[in-house]
Amino acid sequence: MTALAAQIAPDLTRQQQVVAALRAFLPEAALLFNREDVKPYECDGLSAYRQTPMVVALPENEAQVQRILKTCFDLRVPVVARGAGTGLSGGALPLADGVLLSLAKLMRIIGIDRQARTARVQPGVRNLAISDAAAPYGFYYAPDPSSQIACSIGGNVAENAGGIHCLKYGLTVHNILKLRAYTIEGDLLEIGSDGLDAGGYDLLALMTGSEGMLAVITEITVKLLPKPERSQCVLAAFDDVTKAGAAVADIISAGIIPAGLEMMDKITTGAVEPFVNAGYPLDAEAILLCESDGNAAEVAEEIERMKAVMQASGATEIRVSHSEAERARFWAGRKAAFPAAGRVSPDYYCMDGTIPKKALPRVLNTIGELSKQYGLRCMNVFHAGDGNLHPLILYDANRPGELARTEAFGAKILELSIEVGGTITGEHGVGVEKIDAMCVQFSAPELETFHAVKRAFDEHALLNPGKAVPTLHRCAEFGRMHVRAGQEKFPDLPRF
């Protein structure tokens with residue numbers, strides 16, 4: 001996928017038709033179409049790709065969402081749903097001929113059930129706001145993306161977001177019970193149940209991570225967890241990135257499942273330390289942050305086991321947080337890694353491959369070699385415990401050819417992830433960024449199955465078209481006719 005060189009202007013006649021239809025039931029302030037008004041919606045967190053939408057709709061309630069969708073269906077207008085716009089794969093990239101449906105105003109916490117340990121929330125509620133609201137009852141919401149202060153729960157569901165604590169507590173899909181959503185035709189879907197399971201196919205899992213391609217979510221019931229009695233974090237420094245990667249596998253193979261297990265390399269800690277003053281050892285080639293939570297006895301025992309494994313794996317320094325303030329300081333740098341990249345580079349491109357933990361040393365070494373090959377620095381910061389990589393490729397979009405080189409570097413990382421038995425995404429989604437990499441990971445029959453699911457929900461492909469799942473002809477054009485079991489993945493498609 002090449003970044004958009006020039007934006008496409010809207011068809012003014014079509015724009016006027018759509019605006020007139022939506023004005024029949026939306027207040028004037030809820031409908032934007034002048035260029036200066038829609039400009040702020042031209043991209044999500046992946047700013048390398050930009051396109052101003054034809055129209056932006058800002059509904060204030062579920063009924064308005066339903067009517068917007070039904071109106072767009074009747075007019076055959078594509079719709080892209082958007083939350084807080086913090087996504088990093090271009091999943092909320094608008095269309096020049098479509099409606100950008102912002103759910104930012106649906107930000108109400110409907111209720112918290114202390115007995116069931118659940119919260120019912122609208123999609124525009126910020127991730128961190130759920131934990132803030134649950135805190136007086138002794139609960140919190142476990143998935144905690146680094147952008148949790150800003151990202152919305154609707155977007156978390158759309159991308160199946162994770163976070164630092166997903167190793168122990170799971171991704172979004174493991175922490176929700178029910179969804180209310182509307183199809184492009186305006187039909188209500190109630191998916192999941194208040195119990196641990198629901199009859200029939202697991203549509204809750206299907207909808208989670210579907211990137212706004214199947215339905216628009218208007219309400220989520222999330223699970224809440226009791227706050228642990230104690231949380232402590234171990235910071236371990238290593239003089240070699242490979243040793244740090246091997247230590248991750250050693251911790252898991254020792255039967256320890258930390259609440260969080262994160263890694264940052266030297267270039268990352270160097271960028272982060274002046275930003276947050278976390279006290280990181282800047283001479284280390286890599287550091288690990290490994291957290292334990294539970295009751296006091298459990299944490300004390302697990303911390304000692306963690307320290308023993310890290311020492312045996314070659315750690316040159318080990319620190320343990322002895323207060324909540326110190327623990328928060330350890331994590332502050334990891335949470336601020338992405339914005340800190342702006343201190344050392346005009347632009348960055350964040351990848352999201354996931355690999356088996358045993359492959360970490362090989363992959364990290366290869367990323368280092370690719371960095372030299374492409375002449376681009378790369379900050380390695382990621383959810384080491386579950387193998388979810390977030391290499392931040394640093395570049396300058398103002399330098400001719402540098403973005404294209406960055407994209408090529410990123411594509412190599414994704415192909416490497418597949419090669420070692422992993423996948424092209426762990427929590428950021430595919431969007432437009434990784435759509436060509438889908439051609440590498442999946443065969444033609446597999447992609448056609450994805451399209452069949454899409455048609456079952458959205459026959460005319462009006463919800464977020466052109467995202468996540470490539471057409472078979474796109475894969476042919478992409479030119480990556482990989483061999484699987486001695487056969488080409490796309491044998492019957494013409495070569496372009």
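Values in this text are rule-based calculations from the coordinates and carry no lab data. Since this is a predicted model, take the numbers as computed values, not measurements. Ideal geometry is used to build each Cβ from the backbone, glycine not excepted, and the neighbour counts take in all protein chains shown.
Treating the angle as unsigned and between 0 and 90°, give the value, to the nearest 10°, between the Cα long axis of helix 444-457 and the longest Cα principal axis of the chain.
Roughly 60 degrees, rounded to the nearest 10.
Report relative contact order for segment 230-339 in percent, whole number only (criteria: Cα-Cα under 8 Å, sequence separation at least 6).
Working: 188 pairs, mean separation 51.9, N = 110.
Once normalised by length, the contact order is 47 percent.
Which shape class applies to segment 345-419: rounded if a/c is under 1.5, otherwise prolate when a/b exceeds b/c and oblate if not, where a ≥ b ≥ c are the square roots of the Cα gyration tensor eigenvalues? Spell out each step's value before the answer.
On the way: a/c = 2.26, a/b = 1.88, b/c = 1.20.
Prolate shape, in that a/c is at least 1.5 and a/b is the bigger ratio.
Take the alpha-carbon centre of segment 448-477, take the same for segment 90-117, and report the distance between them in whole Å.
23 Å
Determine the relative contact order of the chain: mean sequence separation of Cα pairs under 8 Å and six or more apart, normalised by residue count, in whole percent. List each step's numbers first, then the result.
Numbers: 1064 pairs, mean separation 68.5, N = 496.
Answer for the chain is 14 percent.
What share of the DSSP beta bridges in segment 74-123 is antiparallel, in percent to the nearest 5? Could you put the intermediate results ahead of the total?
Details: 4 of 8 bridges.
Once the DSSP bridges in segment 74-123 are tallied, antiparallel ones form about 50 percent.
Enter the mean projected area of the convex hull around the alpha-carbon atoms of the chain, in nm², rounded to one decimal. Provide the component values of the computation, followed by the final result.
On the way: hull surface 96.2 nm².
Over all viewing directions, the chain projects a mean Cα-hull area of 24.0 nm².
Can you tell me what percent of all Cα-Cα pairs in segment 174-221 are more than 11 Å apart?
65 percent
Could you give each residue of segment 318-334 its phi-based ³J(HN,Hα) in whole Hz, using Karplus coefficients 6.51, -1.76, 1.60 with θ = phi - 60°, and x for Gly or Pro?
Once θ is set to phi - 60°, the couplings for segment 318-334 become 9, 10, 10, 5, 10, 7, 5, 5, 5, 4, 4, 5, 4, 7, 4, x, 5 Hz.
Order 138-144, 51-57 from most to least packed using the mean count of other Cβ atoms within 10 Å.
Numbers: 138-144: 21.1, 51-57: 24.3.
Taking the mean over residues of other Cβ atoms within 10 Å, the ranking is 51-57, 138-144.
Tell me which residues come under 5 Å, amide H to amide H, from residue 316 once H is placed; ignore anything under 5 positions away on its chain.
It is 237, 238, 239, by chain and number.
One quarter of the convex hull surface, Cα atoms only: what value does that give for segment 176-324 in nm²? All intermediate terms of the calculation are to be shown ahead of the outcome.
Working: hull surface 50.1 nm².
In nm², the orientation-averaged hull projection of segment 176-324 is 12.5.
Whole angstrom only: what separates the Cα centroid of segment 5-60 from the Cα centroid of segment 264-321?
Cα centroid to Cα centroid, the span is 46 Å.
Ranked highest first by the average count of other Cβ atoms within 10 Å around their residues, in what order do 358-364, 305-311, 24-30 fall?
Working: 358-364: 20.0, 305-311: 18.1, 24-30: 12.0.
Output ranking for 358-364, 305-311, 24-30: 358-364, 305-311, 24-30.
Enter the angle in degrees (range 0 to 90, nearest 10) between the Cα long axis of helix 62-75 and the first principal axis of the Cα atoms of the chain, meaning the one along which they spread out most.
Orientation of helix 62-75: about 60 degrees from the principal axis.
Say each of residue 188 and residue 36 gets a label point 7 Å from the Cα, pointing the same way as Cα to Cβ; how far apart are those two points in nm?
Label-label distance for residue 188 and residue 36, simple model: 4.1 nm.
Report the far tail of the P(r) of segment 118-159, meaning the percent of Cα-Cα pairs longer than 13 Å. Present the calculation step by step, with values, prior to reporting the outcome.
Values: 407 of 861 pairs.
I get 47 percent for the Cα pairs in segment 118-159 exceeding 13 Å.
Students often get this wrong, so check it: of 243/372; 70/454; 358/454; 227/335; 266/467; 105/168, which have C-alpha atoms separated by over 25 Å? Walk me through the intermediate numbers first.
On the way: 243/372 21 Å; 70/454 18 Å; 358/454 35 Å; 227/335 20 Å; 266/467 35 Å; 105/168 32 Å.
From the list (243/372; 70/454; 358/454; 227/335; 266/467; 105/168), the Cα-Cα distance tops 25 Å for 358/454; 266/467; 105/168.
So how do 125-135, 386-396 stack up, highest first, on mean other-Cβ count within 10 Å?
Details: 125-135: 19.5, 386-396: 23.0.
The most tightly packed comes first, giving 386-396, 125-135.
In whole Hz, with x marking every Gly and Pro, tabulate ³J(HN,Hα) for segment 85-94 from phi via Karplus 6.51 cos²θ - 1.76 cosθ + 1.60, θ = phi - 60°.
Each residue of segment 85-94 in turn: x, 8, x, 10, 10, x, x, 9, 4, x Hz.
For segment 148-189 and segment 344-398, what is the centre-to-centre distance using only Cα atoms, to the nearest Å?
That distance is 26 Å.
When DSSP assigns beta bridges and you keep just the ones with both residues in the chain, what percent turn out antiparallel, to the nearest 5?
Values: 57 of 65 bridges.
Expressed as a percentage, antiparallel bridges in the chain total about 90.
Taking the beta-carbon count within 10 Å as an exposure proxy, list 166, 290 from fewest neighbours to most. Provide the component values of the computation, followed by the final result.
Numbers: 166 26, 290 31.
In increasing order of surrounding Cβ atoms, one gets 166, 290.
If Rh is defined by the Kirkwood formula over all Cα pairs and Rg also comes from Cα, what ratio Rg/Rh do you get for segment 66-218?
Values: Rg = 15.3 Å, Rh = 15.9 Å.
Radius of gyration relative to Kirkwood radius: 0.96.
Mean shadow of segment 12-102, computed from the convex hull of its alpha carbons, in nm²? All intermediate terms of the calculation are to be shown ahead of the outcome.
Details: hull surface 21.6 nm².
Averaging across all directions leaves 5.4 nm² for the Cα convex hull.
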